[in-house]
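The values are calculated or read from the model by the stated rules, or taken from the named source; none is laboratory data. These numbers come from a predicted model, not from an experiment. Counting neighbours? That spans all protein chains shown, and the Cβs are built from the backbone with ideal geometry, glycine included. The area values use the complete protein model at the heavy-atom level, side chains included, leaving out ligands, DNA and RNA. Shrake-Rupley method; radii C 1.70, N 1.55, O 1.52, S 1.80 Å.
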Amino acid sequence: IRAHFTAGPLSGRRVLVTSGPTHEPIDPVRYIANRSSGAQGTAIARALADLGADVTFVTGPADVPPPAGVEVVRVETAQQMLEAVEAAGPVEAAVFAAAVADWRVASASTSKIKKQSGAPLPVLEFAENPDILATISHKTTGRPRLVVGFAAETDDVVAHATAKRARKGCDWILANDVSPATGIMGGTENAVVLISDAGAEDWPRMDKTAVAQRLAARIAEALTA
Ligand code: CTP
Ligand code: CA
């Protein structure tokens, strides 16, 4: 059930948020995943809905429940996430907060892979997943006016994220330093740099909810300017 009635600067504006990890099957009982909790994407969807936006929330299997008042589309794999994003239809802004698996198992087995002592160990072959953010950013028709990506980096965070923004063709990138020393991976706080045409803007370390609210406010500003 969507809350079409929330008053706010984003009232009546359609936006999309991807969130969470993806799971890539190996066989019917096993999969490859990553440590994304879905917390940041969920907070962003909630903050956008709180500003009145009509939010489609495409989420992989996350640890945290989806926010209320958004249209939830649950997916498992990167390929399903791309299909769900395409099926969501035109939106004015799209935020790609999901930690999409870069690779999937090239041919997942439909039968459980059995252990046989003495037999050769199984070898998994991988195939590259579609890049959802780049696919949407590079659309020539029906591209959202504002496309926002994330970049989890280590070492020279701004340089890596600036290159990533150019490669993917998105408008903004929120870069964060996920070196173990920052304690950000899996934590409740985030420290981001917003990279846009205007350059790199350092945001102080704050709660993921505060990051989400600040981003939602910036999106509202950009769409209503
Ligand atoms: N992303 C996506 N689809 C993918 C991979 C990434 O939509 N298959 C999006 C993420 O949601 C994020 C941005 O792209 O907004 C950057 O993801 P990241 O993993 O940092 O970028 P990659 O291009 O996969 O580069 P890396 O080798 O650093 O993982
Ligand atoms: Ca990646």
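Results, tabulated for the structure shown:
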quantity	calculated
Positions within the stretch 34-69 being over 18 Å from Val100 (Cβ atoms) and surrounded by 24 or more Cβ atoms within 10 Å (Cβ to Cβ), in sequence order	Ala43, Ala47, Leu48, Ala49, Ala53, Val55
Filter result (in a helix (DSSP H, G or I) and either touching a Ser or Thr at 6+ places or on another chain (Cβ under 6 Å) or away from ligand 1 (no atom under 14 Å from the Cβ) (or both)) within the stretch 82-98	Ala87
Single residue of Ala87, Ala97, Ala106 found to be open to solvent by 30 Å² or more (accessible area, probe 1.4 Å), out of contact with any Asp or Glu (no Cβ under 6 Å at 6 or more places or on another chain) and of a type in the set (A, V, I, L, M)	Ala87
Flag if Ala161 is at pLDDT 95 or above, under 18 Å from the mean Cα position of the chain (by Cα) and within 24 Å of Arg218 (Cβ to Cβ)	yes
Cβ pairs under 6 Å, 6+ apart, first in the stretch 20-32 and over 15 Å from Thr110 (Cα atoms), second of a type in the set (Val, Ile, Thr)	Gly20/Thr59; Thr22/Thr77; Thr22/Val100
Residue, nearest to Gln79 (Cα to Cα), within the stretch 114-136, restricted to residues that are within 16 Å of ligand 2 (Cβ to nearest atom) and touching a strand residue (DSSP E or B) at 6+ places or on another chain (Cβ under 7 Å)	Asn129
Selection status of Val75, under 26 Å from Leu194 (Cβ atoms) and either open to solvent by 70 Å² or more (accessible area, probe 1.4 Å) or in contact (Cβ under 8 Å) with a residue 40 or more places away in the chain (or both)	no
Leading residue by the ranking (nearest to Tyr31 (Cα to Cα)) among those in the stretch 106-132 that are in contact (Cβ under 8 Å) with a residue 40 or more places away in the chain and within 15 Å of ligand 1 (Cβ to nearest atom)	Asn129
Pairs with Cβ under 8 Å, 6+ apart, first in the stretch 161-185 and touching a residue at least 60 places away in the same chain (Cβ under 8 Å) and of a type in the set (A, V, I, L, M, F, W, C), second open to solvent by 50 Å² or more (accessible area, probe 1.4 Å) and more than 9 Å from ligand 1 (Cβ to nearest atom)	Met185/Arg35
Every residue from the stretch 1-33 that is open to solvent by less than 60 Å² (accessible area, probe 1.4 Å), in contact with a His (Cβ under 9 Å, 6 or more places away or on another chain) and part of a loop (DSSP other than H, G, I, E, B)	Ser11, Ala33
Exclusive hit being more than 25 Å from Gly52 (Cβ to Cβ), under 16 Å from the mean Cα position of the chain (by Cα) and part of a loop (DSSP other than H, G, I, E, B), set Ala134, Ala101	Ala101
Strands (runs of 3 or more DSSP E) enclosed by the stretch 137-199 - at least 1 residues per element that are within 14 Å of ligand 2 (Cβ to nearest atom), buried (at least 20 other Cβ atoms within 10 Å of the Cβ) and among the β-branched types (Val, Ile, Thr)	172-177
